[in-house]
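Visitor: Quick one: structure below, then a few questions.
The values are calculated or read from the model by the stated rules, or taken from the named source; none is laboratory data. No experiment lies behind these values; they were computed from the predicted model shown. A quick note on method: Cβ atoms are made from the backbone with ideal geometry, for glycine too, and the neighbour counts reach across all protein chains shown.
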Amino acid sequence: MTLKKPFFGGNWKMNHGPSATRGFLTEFLGQYQPHDDRTVVFFPPAISLAAFKVASAERSDLLTGVQDVYWESSGAFTGSISAGMAKDAGAGFALAGHSERRHVFGDADEDVSRKVAAIAGEGLVPVLCVGELLEERDRGEVEAVVTRQLAAGLSRLSSDQVEGMVIAYEPVWAIGTGRTASPEDANQAHELIRGLLTESVASARAIPIIYGGSVKPSNIEELLAAPEIDGVLVGGASLEASDFAEICSAGGV
Ligand code: 13P
């Protein structure tokens, strides 16, 4: 499957339970009309996925994913969901390696690698998140960190599976801080990622490489104008229907 670009992801994190999800969609559906030149994917909390599906049933243009999975398919793993369960609930995508999973919950590169493999193994699209901490940027380690995280994330995939994924570059210092990476800085990291993907697969150009970190209506156009930025993964601004409708309407050809 080739995903249309630009790609807009809304990562709700631990916000919007089922009632708030229904309320959000009542507003959003009136403010964002289908566009056939882009991909729009919501990542609600898993417990809100069913409510999202019911409330958006008329809108096949709005796709869904989960924010995390465990790599085993079932068993005694309290609190977790598997990629197969996410698929059964109607998700088509799953995040892996989001910085909050890495830095709040301790997901290591090896864990992320297993999660990506489990997601791709179920036929879902993995959205592998990579990005450096501020101190790593200050030490000049952006390339080393991104290269390591990307290599680990891809290590258990076939080239066909790599060609079917999405990479999100989310510098940790730009997440939820109001401090967006400049389009030039983000573009440079995306170029690095594109180059690394080109070493592994033939059609690296088709893989969406999206940017996340304080994306909002006021900076979306300049971010999408950068040549290597194929879309965005939005946290805070995806919680407000009007802001996210504006973001999802930006760019395009
Ligand atoms: P913010 O847009 O709130 O900075 O969050 C970005 C993010 O983590 C998306 O996954």
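Visitor: Condition (residue is among the aliphatic types (A, V, I, L, M), farther than 25 Å from residue 110 by Cβ and modelled with pLDDT of 95 or more) applied to region 176-191: is it met by at least one residue? Walk me through how you get there before you give the answer.
Guide: Narrowing region 176-191 to residues among the aliphatic types (A, V, I, L, M): 181, 186, 189.
Those left that are additionally farther than 25 Å from residue 110 by Cβ: 181, 186.
Checking which are modelled with pLDDT of 95 or more leaves us with 186.
Yes, because at least one residue in region 176-191 is among the aliphatic types (A, V, I, L, M), farther than 25 Å from residue 110 by Cβ and modelled with pLDDT of 95 or more.
Visitor: OK, next. Can you tell me how many residues within region 1-60 are of a type outside the set (A, V, I, L, M, F, W, C), within 16 Å of the ligand (Cβ to nearest atom) and assigned to a loop (DSSP other than H, G, I, E, B)?
Guide: Final tally of qualifying residues: 6.
Visitor: Now a separate question. Kindly establish whether residue 24 is crowded, with 16+ Cβ neighbours inside 10 Å and under 23 Å from residue 239 (Cα atoms). Quick ask: steps written out before the conclusion?
Guide: Working: crowded, with 16+ Cβ neighbours inside 10 Å: yes; under 23 Å from residue 239 (Cα atoms): yes.
Answer is yes for this residue.
Visitor: Of all residues being assigned to a loop (DSSP other than H, G, I, E, B) and in contact with a Lys or Arg (Cβ under 7 Å, 6 or more places away or on another chain) in region 214-251, which is nearest to the ligand (Cβ to nearest atom)? Just the residue, please. Explain how you work it out, then say what you get.
Guide: If we filter region 214-251 for residues that are assigned to a loop (DSSP other than H, G, I, E, B), which is where we start, we get 214-219, 226-230, 235, 239-240, 249-251.
Going one step further and asking which of them are in contact with a Lys or Arg (Cβ under 7 Å, 6 or more places away or on another chain), we end up with 214, 228, 230, 235.
On the way: 214: 4, 228: 18, 230: 15, 235: 2 Å.
It comes out as 235.
Visitor: Right, next: Run residue 64 past the list (1) among the hydroxyl-bearing types (Ser, Thr, Tyr); (2) farther than 15 Å from residue 12 by Cα; (3) assigned to a strand (DSSP E or B) and report the number of the one that doesn't hold.
Guide: With (1) among the hydroxyl-bearing types (Ser, Thr, Tyr); (2) farther than 15 Å from residue 12 by Cα; (3) assigned to a strand (DSSP E or B) applied to residue 64, the lone miss is (2).
One line per residue, one yes/no per condition, for (1) buried (at least 19 other Cβ atoms within 10 Å of the Cβ); (2) within 20 Å of the chain's Cα centre (by Cα):
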| residue | (1), (2) |
| --- | --- |
| 11 | yes, yes |
| 14 | no, yes |
| 19 | no, no |
| 36 | no, yes |
| 54 | no, no |
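Visitor: Of all residues in region 125-157, how many are outside any loop (DSSP other than H, G, I, E, B) and under 19 Å from the mean Cα position of the chain (by Cα)? Spell out how you get there, then give the answer.
Guide: At the first step, the residues of region 125-157 found to be outside any loop (DSSP other than H, G, I, E, B) are 125-130, 134-138, 142-154.
Of the ones still in play, those that are also under 19 Å from the mean Cα position of the chain (by Cα) are 125-130, 145-154.
Residues meeting the conditions: 16.
Visitor: Further, regarding this structure: Might you check whether a residue that is more than 18 Å from residue 212 (Cα to Cα), modelled with pLDDT of 95 or more, more than 16 Å from the ligand (Cβ to nearest atom) and in contact with a strand residue (DSSP E or B) (Cβ under 6 Å, 6 or more places away or on another chain) occurs anywhere in region 102-111? Full working, then the answer.
Guide: Let us first name the residues in region 102-111 that are more than 18 Å from residue 212 (Cα to Cα), namely 105-111.
From what is left, the residues that are modelled with pLDDT of 95 or more are 105-111.
So of that shortlist, the ones also more than 16 Å from the ligand (Cβ to nearest atom) come out as 106, 108-111.
So of that shortlist, the ones also in contact with a strand residue (DSSP E or B) (Cβ under 6 Å, 6 or more places away or on another chain) come out as none.
No, region 102-111 has no match at all.
Visitor: So which pairs qualify, if the first residue must be in region 139-161 and more than 16 Å from residue 185 (Cβ to Cβ) and modelled with pLDDT of 95 or more, the second must be assigned to a loop (DSSP other than H, G, I, E, B) and of a type outside the set (Phe, Trp, Tyr), the Cβ gap must be under 7 Å, and the two must be at least 6 apart or on different chains?
Guide: Here the result reads 149/97; 153/97; 159/201, each pair linking region 139-161 to a residue that is assigned to a loop (DSSP other than H, G, I, E, B) and of a type outside the set (Phe, Trp, Tyr).
Visitor: Among the residues of region 177-192, which ones are within 16 Å of the ligand (Cβ to nearest atom) and either not aliphatic (A, V, I, L, M) or not in a loop (DSSP other than H, G, I, E, B) (or both)?
Guide: Within region 177-192, the subset within 16 Å of the ligand (Cβ to nearest atom) is 177-183, 185-186, 189-190.
Result: 177, 178, 179, 180, 182, 183, 185, 186, 189, 190.
Visitor: Next question. Could you say whether any residue in region 163-176 is surrounded by fewer than 20 Cβ atoms within 10 Å (Cβ to Cβ), in a loop (DSSP other than H, G, I, E, B) and within 13 Å of the ligand (Cβ to nearest atom)?
Guide: Within region 163-176 (the criterion being surrounded by fewer than 20 Cβ atoms within 10 Å (Cβ to Cβ), in a loop (DSSP other than H, G, I, E, B) and within 13 Å of the ligand (Cβ to nearest atom)), the answer is yes, since at least one residue qualifies.
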